[in-house]
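**Q** The structure is given below, and queries will be raised subsequently.
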Amino acid sequence: ETLTLLVETFETLAHGSTGSILRLDDTGQHLHHSIAPNLPVGYQQAIDGLKIGPVVGSCGTAAYRKAPVIVTDTQTDPLWSQWRDLARQFNLYSCWSMPIMSSQDTILGTFALYFDRPQAPTADHWQILETAAHLAGIAMERKRTAEELYCAKEAAESANRAKSQFLANMSHELRTPMNAILGFAQLMARDATISPQQQGALNVINTSGEHLLDLINDVLEMSKIEAGSLTLSSKPFNLRKLLQTLQNMFRIQAKAKHLELRFSLDNAVPQYILGDEGKLRQVLINLLGNALKFTDIGYVALTVSSEVTSDATATNTLTFAIEDTGPGIPEDILPFVFKPFVQALHHVPGEGGSGLGLAITQQFVQLMGGTIELSTEVGRGSTFKFSITSEPIDAATLTQAEEYSLPAIAAADKTIRGLASGQPDYRILVVDDRPENLDPLVQLLQSVGFDTRSAINGQDALTQWSIWQPHLIWMDMRMPVMDGYEATRRIREQERENPNAWNHPNKTKIIALTASAFEDQREEVLAAGCDDFMPKPFNGAEIFRKMTDHLGVKYVSSQTSMSPVLSRSGIESRLLEALQGMPAVWLQQLNQAAIQADADWLRQLIDQIPSESTGLAQQLLKLVENFDFERLVEWMEAVLHG
């Protein structure tokens, strides 16, 4: 629009003229029509792509010479010898061309004025030509710069999208096997019969797996920071409970290194605040973890203080200081402490990591509106100190669900043995195309008494949902045949179309299980109709917590004083009653086959179950197909020995 206005303006100033701007292409060899609102279209088409040279009309020659070319008569000037007929056809009898130069003195194109009669330029015409070419150069250069910036921006965004997609895929590929490893390790750790040596080996697997997962998460968090996609949530939480949980978490590590762990809170620190509990927890874990890692003698101390910031807004400033008596940080290392992918503490032998922990910590603190400072002295220790603004809240605003929070259930994970009495017989569907991911979750849920089925893709899940009507679905999102997104959308669509078609009054809860940890995928699965999102690898405590959050499930732990009968689900109790009705000899054989894990013998015995006990046969066969011989032995012990 700027160039068009420029051409039309100078056409008016040079009475009787027709203006034209030709643009030099990227090869620097050809001119193309850019702006010529009043020049005959046929003429523009005829000379479009004109190759510049020493005898190529007015414009081709001006671009070649980088100098003005004034042709007063196109019918007699030798520069126009090849285009005389064309000029006469369109009534163009004189052409004055001026090169358009950039600020770097490179040729951008030409500005020309055509007339319908032979004539030479006056002094005013020369001024018009020079001014027009100068202004056209500025406009074209700005346009080119804008286009280059746009292309650079597009390229950067494309590269960022490619990077995000790559990280999402890598996250999926890394988390998928980790899900199987940690899932089965957690399942085995729940077995009270394993030896201390086996328990130790499982602890090593869990610890190593969690460490690898931390490294994966660090890389993903940094990618979110670089992409500017990190967001801050603001929810009420129990600050003092969080700090108590962290103290319990690090007490064992401190004790193992013979270090004193000190936690000090002044009386003004509120119990409940509004903020991002997850990011504050991660910051404190990073700083306390580093302090304990690099300190061999003395203590690690966390001090928390509170100061009222504004009486009007009821906000205050919380200050956290993490002090250690470790080796301190040399002065030449200090500039790199918060740099990503730099292991600033590499001077401490034997310690590794992603080099991202402190960089992420700094970004999280800044996102929460604070700053982090470091004071250190070699040989005496370091102190990391940060402050954030928070809003205290009344305890009444918190929901009753807090009693089922993750730390509480995490502590009791290994002790959960069943479902409390007086609850529905919860039907749970687990959907995943990979057996190594499907089996540990199914077995975990069955181990506490949930009635559980499995599906291997979205189509299978849709079929089982319509027939079985589960209370909750654990839905993998990336599967062949039909993915979890489409399956969820179809379930929600059918629920809307037939709201009264299901036996239980509430819609089926669907929780997405995905090996991607990106927040945008959380939004995507929620938009598809899922009720919640959980990244792989799953944690048993988190699985139990989600069930409580969405279904209100209550559990029985080994520390809970309840009778064995009451700790079983209703379904299990009915199955045990059905087993007690079978012949004693058959029960002894079934028990022996289960102890020997003889699947063929078990199938033969199950085939002998009367047709009126089809449900019993199906449940026993499911245990055999899932190789859950241990649970079958437990059932037989209950039947044979009470």
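**Q** Can you put Lys546, Lys554 in order, fewest other beta carbons within 10 Å first?
**A** Details: Lys546 23, Lys554 13.
Going from least to most buried by this count: Lys554, Lys546.
**Q** Here's something else I'd like to know. Residue by residue through segment 289-297, which ³J(HN,Hα) values in whole Hz follow from phi under the Karplus form 6.51 cos²θ - 1.76 cosθ + 1.60 (θ = phi - 60°), with glycine and proline marked x?
**A** Values per residue, Gly and Pro as x: x, 5, 4, 5, 5, 9, 10, 10, 9 Hz.
**Q** Next question, about the same structure. Are there chymotrypsin sites (Phe, Trp or Tyr not before Pro) in segment 523-559 that DSSP puts in a loop and that have at most 10 other Cβ atoms within 10 Å, and which ones?
**A** Details: sites: Phe533, Phe538, Phe544, Tyr555; in loops: Phe538.
In loop regions of segment 523-559 (DSSP not H, G, I, E or B), there are no sparsely surrounded chymotrypsin sites (Phe, Trp or Tyr not before Pro).
**Q** Still on this structure, I have one more. Quick query: amide H of Ile35 versus all other amide H atoms, modeled in the peptide plane; which residues come in under 5 Å with a sequence gap of 5 or more or a different chain?
**A** Ile21
**Q** Let me ask another. Glu331 versus Ser611, label points 7 Å from Cα toward the beta carbon: distance in nm?
**A** The answer from the label model is 9.3 nm.
**Q** I've got another one for you. Can you give the alpha-carbon Rg of segment 2-152 over 2.2 N^0.38 Å, where N counts its residues? The partial results should precede the final answer.
**A** Values: Rg = 14.4 Å, N = 151, 2.2 N^0.38 = 14.8 Å.
The reported ratio for this selection is 0.97.
**Q** Greater than 31 Å separation of Cα atoms is the criterion. Which listed pairs, Lys163/Lys255; Lys293/Lys554; Lys241/Lys536; Lys153/Lys536, meet it?
**A** Lys163/Lys255; Lys293/Lys554; Lys153/Lys536
**Q** While we're here: Taking all pairs of distinct Cα atoms, average 1/r, flip it, and tell me the Kirkwood hydrodynamic radius of segment 79-125 in Å to one decimal place.
**A** 12.3 Å is the Kirkwood radius here.
**Q** Among 476-485, 37-46, how do they line up from the highest to the lowest mean number of other beta-carbon atoms within 10 Å?
**A** 476-485, 37-46
**Q** Now for a different question. Arrange the peptides 254-261, 61-68 so that the one whose residues have, on average, the most other Cβ atoms within 10 Å appears first.
**A** Packing proxy ranking, top to bottom: 61-68, 254-261.
No value in this document is a laboratory result; all are computed from the given coordinates. The shown structure was predicted, so the numbers you read here are calculated from the model rather than taken from an experiment. Every residue, glycine among them, receives a Cβ derived from its backbone with ideal geometry; neighbour counts consider all protein chains shown.
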